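One structure is given here, and the rest of the page talks about it.
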Amino acid sequence: MITFLKNFIKYLLCIVVICLLFLKNIAYTKYIRDTEIENTLYAWTKPILKIAGLEENNLKIHIVADKRINAFVTNGQNMFLNTGLIIKSGSASGLIGVIAHEIGHIKAGHIIKMKQTARKLKDNQFITSLLGMGLLIAATANDNFKNDRMEIAQTALSIGPSIATKSFFSFSRSNEYVADTLAIDFLKGVKRNPKSLSIILEKLYGQELLLIERQDPFLRTHPLSKARMDLIKQKTASADNYSESEFDKTSYARIKAKLEGFLESPGRTLLNNTNNSISSRYARAIAYFRMPLYKKSIEEINSLLKDYPNDPFFIELKAQILSENGKIKEAIKYYKESLKKIPNSPLIMLPLCSLLLEDKKNLRDIKQANNYLNFIVQKEPENIFAWHLKGISHNLLGEPIYANLSAAEEFLRRRDFKSAKFFAEKVISTTKKFSSENLRASDIINLISEI
C-alpha cells in the first residue's frame, strides 16, 4: 500500500509538471494575420486540397507566433502552423510537405476517429490520465475548438494512465503512417517532390531522447520513429524529382524574411540580411521600421518600390511605416493604392479604416470606412477588431442602433457576455419586433443563454 501511495504521489507530481508546461505555452499563445503570408500559404495549399477531394474554401489556416516547430489540425478543417515551422522549414518544399501531411489527417478524418477511439477506451479507473489532463488544459487555449477537445479530454480523464498512453500513442502512430501515405500521393498529384515530406522529420530526428520541455511540440503531436522515416523513403524512392519554381523560392524567402523582420530583434535581422536580394532588403526595411529608424526604413522601402513599383505588399509596408510615424494622409493614400492591387483584402482594409476614422468630422471618409467594415464582417464574421471599428463608424454617423448591435457582436466574440447582453437589450428596446436588428439582438441573447 505504501509503495502504491508513493507511486501515486509521483504520478500526481508528473501531472502538475505537465499542467504547468501546457499553461505556460497557452498563456503566451498569439496569432498572426498577414495578407501576404496567408495568400502564399493558401496558394500552396489549395491545389493539394483539390487533389485530395476536399473543399478548398472550407480550410482555415491559423498562424501561431511560436518559435518551436509544430503544426496540427482540428475539427472544421482548421490548420495551425507555428512561425517556427515556417521559418525552420528552410524552403517552400519543406513547408508544403508538412501542409500535405496535415491535409492527409483531414482527409482521413483522424480528429473524428480519435474521438471515437477515446469513447471505446473508457475504463473508469480513478487515476487521472496525463493525456486527458493535457487535452483538458489544451481545450482552454482556444474557445473556438473547446468542445472538440473537451469531449476527447473528458473521456481520457476516466482512463488509466498506461492504457490511455499506449492506446492513444499507438493510434496516433498509425495515423501518422496513413497521413504520410496520403501526403505522398497528394504531392505526386500536384507535381511536387514527395521527398519533401522528410525535410522537417530529418531536422527533428534525434529529439525524441530529449526531455519533453526541450522537444519541439511537433514530436508530441506527430510521433516519430525510424520505421516511419524508412516508410517515407521507401515510398518516395522512385518518385520523380520536381524542382522548386523561382516563384516558390522567392515567395518562401519573402514570408520568411517578413516573419523574421517582425518577430526577431532588429539587430539580429540586420546581421542576417546583408545582401541585395529582395528578401534581405524587405527584412531590413522592417527591421529599421521597428528600431525605429524612420528615414532608413523609408529609404529601404522606397528602394524596393523603385525596382518593384506595383508590388502591393511593399506598398502596404510603406503605408504602415507612414501610419505609425503620424503621416496619416500619406498612409491612407498608400493603403488605398495597395488595396487597388489586391481588392477585397480585409487585412489591408482594417488599418485603412482605422485611419479613415481618425478625422471625426470627415463624413466622406467615415462612410467609406463603414462600407469597408460592412464587407469585412460579412467575409470574416469573427473579426473582433472589425466589429469594434464598425461600432465607432456607426456612432460617428449618428446610427446608435447599428452602433449598439456592433458592440453586442464585438463583446459576444470577446466572450464578455454581460456587455454583449447589455448592448443587445438596448437594440431590442429601440427596434421594432421582427426587424432584422431586433432578431439578431435576440439571437445574441439566446446564444449567451445557451453557453
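Every read-out reported here was derived from the displayed coordinates using simple, explicitly stated rules and does not represent laboratory data. Predicted model, so just to flag it, every value in this text is computed and none were measured. For neighbour counting, all protein chains shown are included, and Cβ atoms are generated from backbone atoms with ideal geometry for every residue, glycine included.
A compact table of results
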read-out	value
Of K341/K390; K333/K360; K235/K256; K306/K336; K46/K249; K60/K235, those spanning more than 20 Å from alpha-carbon to alpha-carbon	K341/K390; K235/K256; K60/K235
Highest to lowest packing among 270-281, 95-106, scored as the average C-beta count within 10 Å	95-106, 270-281
Nitroxide proxy distance, nm - points 7 Å out along Cα→Cβ at K340 and K367	2.2
Relative packing of peptides 407-417, 230-240 - highest average C-beta neighbours within 10 Å first	407-417, 230-240
All aspartates and glutamates inside 19 Å of K203 as judged from Cα atoms, apart from same-chain residues fewer than 8 positions distant	D66, E102, E176, D180, E213, D216, D230
Cα Rg, Dmax, the range 33-78, angstrom units	11.4, 32
Hits among aspartates and glutamates - C-alpha to C-alpha of K226 under 12 Å, sequence gap 8 or more where chains match	E202, E208
Contour excess over end-to-end distance, with Cα ends at Y42 and I278 and 0.36 nm allotted per residue	82.8 nm
Calculated diffusion of the range 228-278, Stokes-Einstein form, Kirkwood radius summed over Cα pairs, 25 °C and 0.890 mPa s, µm²/s	177
